[in-house]
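S.K.: Got a structure here, written out as structure tokens. Questions coming.
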Amino acid sequence: MANQSEFKKEELIARLLAEIKNTRGIVAVTIFDADDIDKLLEIEQEAEAKSLLGLGKVVNTGIQKIVQCSLIFVALTSMDFDWALHGALILKKGNEIVGEEIRDPERLKNLQGRADVWFLHRNFVIYKDRLSFPRDIMQKICHFEIPPIPCHWPGITFLPAGSNLLLANPSTPADIFLKNKYFQGQDEKGLGTILLGVSAIEPSLWQNNRRSSVAVNQEMAEIYPPRSEDLAEYLPASDCGRCGFASCEAFAAALLTKTSQPQQCPELEPELVDLMTAVLALDTSPIPFNVMMEQHPCEVLEINQPDERSPVLVTANFVETVAIMTKILTQTNSRSFLLPTFTHGYSVDNAVHERMFKAVEVLKAMKENYLEQRLIKPLIIIPGLAENEKLAIRQLTKCEVLVGPISGFLAPLFLYTLL
């Protein structure tokens, strides 16, 4: 008799296969054999060295992400497959997106005729203000990426908690390999392949899952740890020297390197000493870089039982941003509402850069979560990087709006100053 874990595994696979197969544009679907991971990565690495349109190499970060998933499916698609509004290709200079495929007709319309945008193709744009154009292109210091795409499959609502469904596009050589291996070499016009991965499934369900022996380089992203000059803003600013340092900023720098402790400042109130100690204990290590940014629902999170007078901290709807902010506020016992607003899954810095941190989305999130009715004189706090949206948010929401710190790790100290 199969054990319970095996039953859950087989049941989940059967339900996923059924839902994927019944989707418009899916011709066929099957489980991807983990023994093929090494071969797939080898093909992608060979393809990576080749230039696309003479503009630079192509890095398939989507495939790199998918092969780390707990469960992988391979599907044959027709031209009827709905890609929603997610682009399948981006152009990067270092870690900055300087060009991208855009499938949203409204965004394309808004970009038409702009002097700082060049259309490489009818729906692929290059942002000329983000690179030396055309020098950077000609010198091939840019590279293309085929990113992972977060999926919101209408019928797939039964994944285990914390699991995500991702989609990856194979390169042309990998597409041929997949067609030959899994779909009898079908290569009619309009047919392509995709890989679908389910991440973060309880490991006990997948005891036989094989990991690839090919190393995948994992980019890490900084998450705006506090700077000494910013932390110093929450110190007395008297530069009295009684802490043993010449200035409050020097003391702050010592706090961040953990060579000093908050209680060494005789002017700090005990409550603030405890809070600052909790803030300094937070993990500020870089996180794995996710190119397309998986999205969190724009549903308000109530942290530490806030009341009708607690502030609303607005953030982006990138899942990692929401997770980090939730952890920061929870571990420092900071009472507040955390409100993810729709930024297409971009983190705050990227959303601001891409002009996707919008006042109208803040208003929409406030209304959809009924915060205007639930709170007495709502106080909205926006990230420091989104300072330019303050006036627009205040005008639309009719609420008081404050600009918080750039580093989310300092949010608890900022909230303390409002008490």
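All of the numbers you see were taken from the coordinates with simple rules; none came from a lab. Predicted model, so just to flag it, every value in this text is computed and none were measured. In this analysis, Cβ positions are derived from the backbone assuming ideal geometry, glycine residues included, and neighbour counts consider all displayed protein chains.
S.K.: Suppose we keep just the DSSP beta bridges with both residues in the chain; what percent of those would be antiparallel, to 5?
M.R.: The antiparallel proportion sits near 75 percent.
S.K.: Quick one: work out the % antiparallel among DSSP beta bridges in region 290-417, nearest 5.
M.R.: 25 percent
S.K.: Once you wrap a convex hull around the alpha carbon atoms of region 281-378, what is its projected area averaged over all directions, in nm²?
M.R.: For region 281-378, averaging the hull's shadow over all directions gives 6.4 nm².
S.K.: Just subtract the alpha-carbon distance of Ile141 and Arg122 from 0.36 nm times their residue separation and send over the number in nm, one decimal.
M.R.: 4.5 nm
S.K.: Another one. Could you check which residue among Arg394, Arg227, Arg242 shows the biggest mean-square fluctuation in a GNM of the chain with a 10 Å Cα cutoff?
M.R.: Sorting by GNM fluctuation, first place goes to Arg242.
S.K.: Here's another thing I want to ask about it. Report the rotationally averaged projected area of region 276-337 based on its alpha-carbon convex hull, in square nanometres.
M.R.: With every direction weighted equally, the projected area is 4.8 nm².
S.K.: To continue, here is another question. Based on other C-beta atoms within 10 Å, arrange Thr326, Thr259 from fewest to most.
M.R.: Thr259, Thr326
S.K.: Still on this structure: Could you pull out the trypsin sites (Lys or Arg not before Pro) across region 139-195 that fall in loop regions by DSSP (anything but H, G, I, E, B) with no more than 10 other Cβ atoms inside 10 Å?
M.R.: Passing sites in region 139-195 are Lys189.
S.K.: At q = 0.17 Å⁻¹, what is the log10 ratio I(q)/I(0) for region 228-280, with the Debye formula run over Cα points and no solvent?
M.R.: Normalising to I(0) and taking log10 leaves -0.40.
S.K.: Further, regarding this structure: Looking at Gln186, Thr61, Pro160, which one has the Cα that reaches farthest to the positive end of the dipole of the chain (charges on Cβ: Lys, Arg +1; Asp, Glu -1)?
M.R.: Gln186
S.K.: Here is a follow-up. Which one is right for this structure if Cα Rg over 2.2 N^0.38 Å is calculated from it: [x] 1.12; [y] 1.35; [z] 0.92?
M.R.: Here the calculated entry is [x].
S.K.: Same structure again: Which links in Lys57/Lys358; Lys9/Lys189; Lys65/Lys93 stretch past 29 Å when you go from one Cα to the other?
M.R.: Beyond 29 Å: Lys57/Lys358; Lys9/Lys189.
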